Amino acid sequence: MSPVTGLIDYNAGPQSGGREPAPGELGLVQAFVNSHYDLDGEHGAELLHSPRALAHWLSSRGLLEPSRSLRRAELRRALDARDGLRAMLAANNGEPWDPEAVARLNRAAPRPALVIQFAPDGPTFEPDRRDFDGALGVLLGIVARSQLDGTWTRFKACPGDDCGWAFYDYSRNQASAWCSMAVCGSRAKARAYRQRHRR
């Protein structure tokens, strides 16, 4: 069987604060990590709220055959993977490494037969089927490639209260801390101001 290629939607979707999305294939990982929060819809809505919603999200991205249904166990693995990735992005933004979240990610990670495809800009890791393990394999293969090529350190999670939005730091010195200075950054500054003036 040949690997699944050319079918995947890497679009990161709308971004908090009008930020530029993560580049290239990292946009897919950004969209997955940010699926905990519907930026366009109801405030704080979880996009992956059921196995059916997860199947729809994955199939709309070209990662899963549209006819496939998923189970609760696969939803749990997807959410564990997403939480582990967000924990890794938080560590990129100065938070302590969360070994428990990353351990859950590692347990959720599939063991599919990945096909390595070589291209001028480096290798890709492609599963040979569009099932749940293949979908998770694509996402985690992108993460591995980003870690190898050095772009991963610019990919961060916002530390804002109840936020965790994944954003890509395009600043020259990688000093961006907030998904949106106008929202989370301003709230943090206002909170710090109130705390200083209570004393």
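Structure above, values below:
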read-out	value
Any pair with Cβ under 9 angstrom, 6 or more apart, that starts in segment 159-177 at a residue that is under 20 Å from Gly24 (Cβ atoms) and ends at one that is among the β-branched types (Val, Ile, Thr)	Trp165/Val33; Ala166/Val29; Ala166/Val33; Tyr168/Thr151; Asp169/Thr153; Gln174/Thr153
Residues located in segment 147-164, provided they are assigned to a helix (DSSP H, G or I) and either modelled with pLDDT under 95 or crowded, with 22+ Cβ neighbours inside 10 Å (or both)	Leu148, Asp149
Residue in segment 4-21 that is farthest from Leu140 (Cα to Cα), counting only those that are modelled with pLDDT under 80 and surrounded by fewer than 17 Cβ atoms within 10 Å (Cβ to Cβ)	Gly6
Residue that is surrounded by 17 or more Cβ atoms within 10 Å (Cβ to Cβ), touching an Asp or Glu at 6+ places or on another chain (Cβ under 9 Å), at pLDDT 95 or above and farther than 16 Å from Leu7 by Cα, where the choices are Leu70, Leu54	Leu54
Tally of residues being of a type in the set (A, V, I, L, M, F, W, C), within 13 Å of the chain's Cα centre (by Cα), over 17 Å from Ala55 (Cα atoms) and buried (at least 17 other Cβ atoms within 10 Å of the Cβ) across segment 121-146	3
Search result, residues across segment 60-113 that are part of a helix (DSSP H, G or I) and touching a Ser or Thr at 6+ places or on another chain (Cβ under 8 Å)	Leu75, Arg82, Asn92
Residue that is modelled with the highest pLDDT [pool: residues in segment 107-120 that are in contact with an Asp or Glu (Cβ under 9 Å, 6 or more places away or on another chain) and loosely packed, with under 15 Cβ neighbours inside 10 Å]	Arg107
Selection count where residues are of a type in the set (Lys, Arg) and touching a Leu at 6+ places or on another chain (Cβ under 6 Å), scope segment 94-132	1
Within segment 87-103, considering residues that are surrounded by fewer than 21 Cβ atoms within 10 Å (Cβ to Cβ) and within 15 Å of the chain's Cα centre (by Cα), the one nearest to Asp128 (Cα to Cα)	Val102
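The values are calculated or read from the model by the stated rules, or taken from the named source; none is laboratory data. Computed from a predicted model, the values in this text were never measured in an experiment. Backbone-built Cβ (ideal geometry, glycine too); neighbour counts: all protein chains shown.
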